[in-house]
1. Being at negative phi, within 14 Å of chain A (Cβ to nearest Cβ) and more than 16 Å from the ligand (Cβ to nearest atom): is that true of B:Ser116 here?
2. Please work out which residue is farthest from the other protein chains (Cβ to nearest Cβ), limiting yourself to the stretch B:151-163 and to residues that are part of a helix (DSSP H, G or I) and touching a Ser or Thr at 6+ places or on another chain (Cβ under 9 Å).
3. Let me spell it out: the conditions are (1) closer than 29 Å to B:Val337 by Cα; (2) facing chain B (nearest Cβ under 8 Å), and A:Phe76 meets all of them except one. Which number is the exception?
4. Please determine, by comparing only the residues of the stretch B:519-548 that are at pLDDT 95 or above and more than 16 Å from the ligand (Cβ to nearest atom), which one is farthest from the other protein chains (Cβ to nearest Cβ).
5. Looking at the stretch B:205-285, what strands (runs of 3 or more DSSP E) fall wholly within it and have at least 1 residues that are over 27 Å from B:Val168 (Cα atoms)?
6. Among the candidates B:Ser240, B:Ser202, which residue alone is buried (at least 21 other Cβ atoms within 10 Å of the Cβ), more than 14 Å from every other protein chain (Cβ to nearest Cβ), touching a residue at least 60 places away in the same chain (Cβ under 8 Å) and not aliphatic (A, V, I, L, M)?
7. Scanning the stretch B:441-453 for residues that are assigned to a loop (DSSP other than H, G, I, E, B) and out of contact with any strand residue (DSSP E or B) (no Cβ under 6 Å at 6 or more places or on another chain), which turns out farthest from the ligand (Cβ to nearest atom)?
8. Are any of the residues in the stretch B:1-15 away from chain A (no Cβ under 14 Å) and not polar (S, T, N, Q)?
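The values are calculated or read from the model by the stated rules, or taken from the named source; none is laboratory data. Given the structure is predicted, the values throughout are model-derived calculations rather than measurements. When we count neighbours, we look across all protein chains shown, and the Cβ atoms used for this are built from the backbone with ideal geometry, even at glycine.
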Amino acid sequence: MREVTNVMLVGVGGQGTILVSSVLSKGLVAAGHDVKMSEVHGMAQRGGSVTTQVRFGEKVHSPIIGRGGADVLVSFEAMEALRWIEFVKPTGKVIVNDQQIPSAPILAGRRDYPVGVIDMLKSKVTTTAIKATDIATQLGNPRAMNMVLFGALVEAAGLGDVEWEPIIASTVKAAFVALNVNAYRAGRRLMVH
Amino acid sequence: MIRSNSALLMSGNEAAARGAYDAGVSFAAAYPGTPSTEILESIALYKDDVMAEWAPNEKVALESAIGASIAGARALSAMKMVGVNVAADPLFSYAYCGVNGGLVLVSADDPSLHSSQNEQDNRFYAPFAKIPMLEPSDSQECYEMMRSAYAISESFDTPVLFRMTTRVCHSKSLVTPSRRSEVPLRPYVKNLDKFDLVPAVSRRLRLELEARMEKLAEFSETCDFNRTEWHDRTIGVVTSGIAYQYAREVFGDGASYLKLGFTNPLPKKLIADFASKVGTLYVIEELEPYLENHIRRLGITCIGKEKIPAVYELNPDIVARALLGTEPPVISCDTSVVPPRPPVLCAGCPHRGFFAELGKITTRLDAKRQKYMIAGDIGCYGLGGADPLNAMDLCICMGSAPSVGHGAQKVFNKFDANTRVIATLGDSTFFHTGIPALIDIVYNRSNTITCILDNRITGMTGQQDNPHTGFTLQGEPTKELSIEAVVRAVGVDHVRVINPMRLEEVDEALEEALRLDEPSVIITRWPCVLKKKTEEEKVEFRPYAECFRIDAEVCNGCGLCMQVGCPAISLDRATGRTRIDPIACNGCSVCEQTCNFGAIIRAERQHA
Ligand SMILES: Cc1ncc(C[n+]2csc(CCOP(=O)(O)OP(=O)(O)O)c2C)c(N)n1
């Protein structure tokens, strides 16, 4: 029964989690898996916290998981990983973009950005922190950070057998194919080394 | 496992739209509302075959679909659950008529109130209005049930309620669609005995309605959407909608299931038979005990809401804890150090200038011991009530700001409470039901101040066109309704159209309105920053600057600019100074106008 793999993507509205989940689920479908994907729309464009869940395997029933359910959590922002850590299996993995996006109470000076987020994560669960935004910037555009994380996810979830590059190419705008593919490759390389 | 490569990953909304298209629907109308919006956005893509429209509100949407149905076409209307309240009047009556072309109404409920003002369970509308109901649990079912809904509608001569929930609407799963059936228009024949609901006619139709429900009850017993799945019989689960998926996840093949997809009228015999063949009977459903009440009335013992929460959405974890008492192993971690990340008005949002100034005026009124109430409404501008703008007292339902404001103002005036009411609502909300509310102010003579925050689009639900954007849902150019002309036409003599980004203009307009002892309207006109501007808009609405920055030499760290609540501005606690993020800033200049020291200056955008 339990051969379903659960991936959770979390971040801040506008960071490109949706693109990653759509590339991921397209590839999983092409590879013959049953796939369910769930996202909560709504306030996403207004800088709120966003989550997407992708589940795949032989047969998937529920489109969502509960606490302790995620095999891999990919967090596009540092403290968001901590916000959602309860959803990660103790034996699961966290991939976190080492980038801080302060939320409204922090901007207003009423709360502090939590210190030592990455160390805290590392002390609790297998965590890989990636400077995905810096890597993407070096590749030409910080927005491609999402594909760096995607590359890392592919390795972490053991999905290297799927032909991802054509799927990326058919999902992003033509002008951004090279950038996104490079970012994806960079993400994979990080995990291998 | 290799699947047929014709399977597509579709959201429930896309699948429902595709199902309606394949069922031969040729007219669809809706008012946007999360989680239903993408149904119309998806069916609108079939421009050659389907006329798809945004109506000004849900009542109008359903009524126009009813008109299409009476004219002989298969028709669809879709709305979020609170929209069904708005459309309930035509719904209950059209149930008496029955249909000509099939009619399906989608109710998209929002358990957990992800983006809603209440958590009503609209399954109760089906027995209340006496119409059949379908409840899909994934995208494939959305597709199949939607196709069948039209056959049911026409063969039983009834509108059909199609009840979805957020997780069904917005989850994607695999769908194998087939092809569109071209359904010829049914002839329209004038038939007063069917469509003219005067008491003499309705009295007779009332009896037919009962007879129809009896036939539907028989159908429910054999309908393919109500099916049993036999496995271990120690535990039997009766379930519907998304809860079926959670139940399967938790119990797997360790229980037998009665999976109900056609849920009004419910299949009594099927339920009794299933119950008699299993040991413990669980009823697993999200929100209210809809199935459970029915099952108990049949005299069947079951376990339901005494264990499973009736509040907020379920997930497999909650079901397992409730019924099996199991807790998954989780990572224990103190997450209280993580500050919340609430949604905020975007950088450059035209609502910001208005609310920043409204907040200042009310502070001045406070000082003069004059009281005020700000009646809010539903839309992005609802965030004007959040910290640090804090310029709102209440928000009830769409279009209610002027009317709630009016009632309050009348009472304050009569009891001499020295309180002025300022109502705020968006452009789409004004067209939705704000117009009759404004008429109420004029007709019944209160001095309520109404502010229409015209950002030239339906923002909150994701940039839908509306009656004054100049375009229809299917992208056709159309008449651009003037808010100002409407406001004057209903009899408001004091109307000002202002630029909400010019704080002085906002201030003057509000001060003037406060001096008047008559109804007045302020229209703030500036497009949403996320809006894809038309060529004319690009000319009319130029941003003031590429972006702004703080002049560190001049800034004394007073923090006033923080009061506009812009996500591009942050306070550096170490230096006590503020900072503007050059990438996030949209150059709206609201902070610049707020600064008393000239410390905020124009800058050029740093291109990423
Ligand atoms: C009866 C009802 N229908 C639909 C909705 C969903 N809804 C919430 S806000 C909104 C749009 C508001 O648009 P507008 O008034 O233009 O304000 P904006 O968000 O653009 O500021 C809609 C459709 C609702 N909450 N209630």
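1. Values: at negative phi: yes; within 14 Å of chain A (Cβ to nearest Cβ): yes; more than 16 Å from the ligand (Cβ to nearest atom): no.
No; evaluated as a whole, the condition is false for this residue.
2. We begin by selecting, within the stretch B:151-163, every residue part of a helix (DSSP H, G or I); these are B:151-156.
Retained after the next criterion (residues that are touching a Ser or Thr at 6+ places or on another chain (Cβ under 9 Å)): B:152-153.
On the way: B:Ile152: 26, B:Ser153: 28 Å.
Across the stretch B:151-163, the extreme among qualifying residues is B:Ser153.
3. So the condition that A:Phe76 fails would be (2).
4. This residue is B:Pro519.
5. Working: elements: B:226-229, B:235-240, B:256-260, B:262-264, B:280-284.
Because the criterion is at least 1 residues that are over 27 Å from B:Val168 (Cα atoms), the strands (runs of 3 or more DSSP E) in the stretch B:205-285 that meet it are B:280-284.
6. B:Ser240
7. Initial filter on the stretch B:441-453 (assigned to a loop (DSSP other than H, G, I, E, B)): B:444-448.
Cutting the leftovers down to out of contact with any strand residue (DSSP E or B) (no Cβ under 6 Å at 6 or more places or on another chain) gives us B:444-447.
Details: B:Asn444: 23, B:Arg445: 26, B:Ser446: 22, B:Asn447: 23 Å.
Filtering the stretch B:441-453 for residues that are assigned to a loop (DSSP other than H, G, I, E, B) and out of contact with any strand residue (DSSP E or B) (no Cβ under 6 Å at 6 or more places or on another chain), the one farthest from the ligand (Cβ to nearest atom) comes out as B:Arg445.
8. So far as the stretch B:1-15 goes, no, none of its residues is away from chain A (no Cβ under 14 Å) and not polar (S, T, N, Q).
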